[in-house]
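The values are calculated or read from the model by the stated rules, or taken from the named source; none is laboratory data. Given the structure is predicted, the values throughout are model-derived calculations rather than measurements. Cβ atoms come from the backbone with ideal geometry, glycine included; neighbour counts cover every protein chain shown.
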Amino acid sequence: MYSLSGYGEMIADRVRIAAYIQALRQSVRPGAVVMDIGTGQGIMAVLACQLGASRVYAIEPDEIIQVARTIAAANGCADKIEFIEDLSNKVTLPLRADVIVSDMRGILPLFGHHIPSIADARRRFLAPSGTLISRKDTIWTSIVEAPERYSKIVDPWERNELGQDLSSARRMIVNDMHKARFSPEQLLTEPQLWATIDYASVENPDFQGSLNWTVQRAGTGHGIAVWFDTELAEGVGFSNAPGAPEAIYGSVFFPWMNPVPLAAGQSVCVDLQAKLLEDDYFWRWTTKIASVDAPAEILAGFDQSQLQGTVRSLAKLRKTASDYIPRLSEEGRMQKKALELMDGQASLEEIAQRLAAEFPKRFSRWQQALTFAGEISKDKSM
């Protein structure tokens, strides 16, 4: 969930906002029905109304939708916009949309349930010959020389004033992705296309591809730079590539385990994988660097993944094993009881009174139980 200031930074990103404005101007016709997925503060929904849309469905699961409602009212659009506080895959609409607009990317388009949400909305809500904004994203990669960014990642674990061995944490931090900005001069190889996401047809959220580079100039390779170009509408888009006008997204940096001196003409092969697991992507990048003098000989190799960089509790992992026999904790029993009492008959106060009576060690006053039940009600009740 973004803060209000975070949404303000998105509005202030002129590169992004200008492209979306132009794409909506090209796509929204008078009388159109528009669906805005992840409406946030609602400015795209309001713009669609200003461009002549007869109906806009603005969908947003987070509480920023309350701000969107006030912005719509202030701009005279409240009667044309239906705000729906939920995830788009849980929504049903009475009309098909002529235009579906969204921006649910993170630093890259492979972010959370972005792709499954768009695929679901396209199947269930887009009218025949309707328009998707965005149309296509392409993801590009290059080997990068980034000593300052690399040092910022590893130095706290290598050069600490405590004189302690923090190497285990260093191994984890280089098995994660990091936001960064690069200049074209930092690229040691020609950019290569890794993936194309065509939103008119994409179904599978997972991507994998092998990349083979020839080093263009001598330098020290610190890892892999990844960025995207987007096509929102015909002739309209933007990029977060090195050297492009600065946008809010930045680029992604996948560091290597160690910096590697590279010579012009040297071969580097990387297998890059992204897999959606539950609510987030996990990345794996396997690198093989050939010897300058003997291309068949592997000079250096790294097999890295975010799973290796994840701080995991052994106790919690044990509880996910297939042979583990679970038993509810007191917290689990309280939640179970609260859900059982939310049967459409009792008020939250009545539920809280029951919880306080049944779990007196946890709730000394029923008002404490009311807070507990209220949190469950926000997430689980209709």
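Tell me, which residue of the stretch 156-200 that is among the aliphatic types (A, V, I, L, M) and more than 25 Å from Ser267 (Cα to Cα) is surrounded by the most Cβ atoms within 10 Å (Cβ to Cβ)?
If we filter the stretch 156-200 for residues that are among the aliphatic types (A, V, I, L, M), which is where we start, we get 162, 166, 169, 172-174, 177, 180, 187-188, 193, 195, 197, 200.
Pick out the ones that are also more than 25 Å from Ser267 (Cα to Cα) and you get 162, 166, 169, 172-173, 197, 200.
Working: Leu162: 6, Leu166: 15, Ala169: 15, Met172: 15, Ile173: 15, Ile197: 22, Ala200: 11.
Residue satisfying both the conditions and the ranking: Ile197.
Working carefully through the options Ile71, Ile118, Ile153, Ile81, find the one that is among the β-branched types (Val, Ile, Thr), in the same structural domain as Ile197 (by TED's automatic domain parsing) and either buried (at least 22 other Cβ atoms within 10 Å of the Cβ) or touching a helix residue (DSSP H, G or I) at 6+ places or on another chain (Cβ under 7 Å) (or both).
Exactly one of Ile71, Ile118, Ile153, Ile81 is among the β-branched types (Val, Ile, Thr), in the same structural domain as Ile197 (by TED's automatic domain parsing) and either buried (at least 22 other Cβ atoms within 10 Å of the Cβ) or touching a helix residue (DSSP H, G or I) at 6+ places or on another chain (Cβ under 7 Å) (or both), namely Ile153.
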Odd one out for Gln335 among (1) touching a residue at least 24 places away in the same chain (Cβ under 8 Å); (2) surrounded by 12 or more Cβ atoms within 10 Å (Cβ to Cβ); (3) more than 33 Å from the chain's Cα centre (by Cα):
(3)
Number of the exception - Asp165 against (1) assigned by TED's automatic domain parsing to the domain that holds Asp206; (2) at positive phi:
(2)
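So, Lys288, is that one more than 25 Å from Ala195 (Cα to Cα) and charged (D, E, K, R) or not?
no
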Criterion first (more than 15 Å from Trp256 (Cα to Cα) and either out of contact with any Ser or Thr (no Cβ under 8 Å at 6 or more places or on another chain) or among the charged types (D, E, K, R) (or both)) does Gln192 satisfy it?
no
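Per-residue answers, yes or no, for (1) of a type outside the set (Asp, Glu); (2) more than 23 Å from Glu145 (Cβ to Cβ); (3) free of Cβ contacts under 8 Å to residues at least 60 places away in the same chain:
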{"site": "Ser167", "(1), (2), (3)": "yes, yes, yes"}
{"site": "Arg181", "(1), (2), (3)": "yes, no, no"}
{"site": "Ala200", "(1), (2), (3)": "yes, yes, no"}
{"site": "Phe207", "(1), (2), (3)": "yes, yes, no"}
Taking the stretch 281-311 and keeping residues more than 27 Å from Ala218 (Cα to Cα) and either at pLDDT below 90 or not assigned by TED's automatic domain parsing to the domain that holds Gly209 (or both) leaves Leu307, Gln308, Gly309, Thr310, Val311
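Would you be able to tell me the number of residues in the stretch 45-68 that are within 16 Å of Arg25 (Cβ to Cβ) and either surrounded by fewer than 20 Cβ atoms within 10 Å (Cβ to Cβ) or hydroxyl-bearing (Ser, Thr, Tyr) (or both)?
From the stretch 45-68, those within 16 Å of Arg25 (Cβ to Cβ) are 45-53, 56; that's our starting set.
Those left that are additionally either surrounded by fewer than 20 Cβ atoms within 10 Å (Cβ to Cβ) or hydroxyl-bearing (Ser, Thr, Tyr) (or both): 50-52.
Adding up the residues that qualify gives 3.
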Could you list, in sequence order, the residues of the stretch 79-99 that are farther than 17 Å from Pro61 by Cα and either touching a Gly at 6+ places or on another chain (Cβ under 7 Å) or not acidic (Asp, Glu) (or both)?
Lys80, Pro94, Leu95, Arg96, Ala97, Asp98, Val99
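Could you check, for the stretch 135-144, whether at least one of its residues is part of a helix (DSSP H, G or I) and surrounded by fewer than 20 Cβ atoms within 10 Å (Cβ to Cβ)?
Let us first name the residues in the stretch 135-144 that are part of a helix (DSSP H, G or I), namely none.
Checked against the condition, which is being part of a helix (DSSP H, G or I) and surrounded by fewer than 20 Cβ atoms within 10 Å (Cβ to Cβ), the stretch 135-144 yields no hits at all.
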Checklist (1) assigned to a strand (DSSP E or B); (2) over 19 Å from the mean Cα position of the chain (by Cα) applied to Asn160, failing item:
(1)
Hits in the stretch 1-46 (condition: β-branched (Val, Ile, Thr) and touching a Phe, Trp or Tyr at 6+ places or on another chain (Cβ under 8 Å)):
Val15, Val33, Val34, Thr39
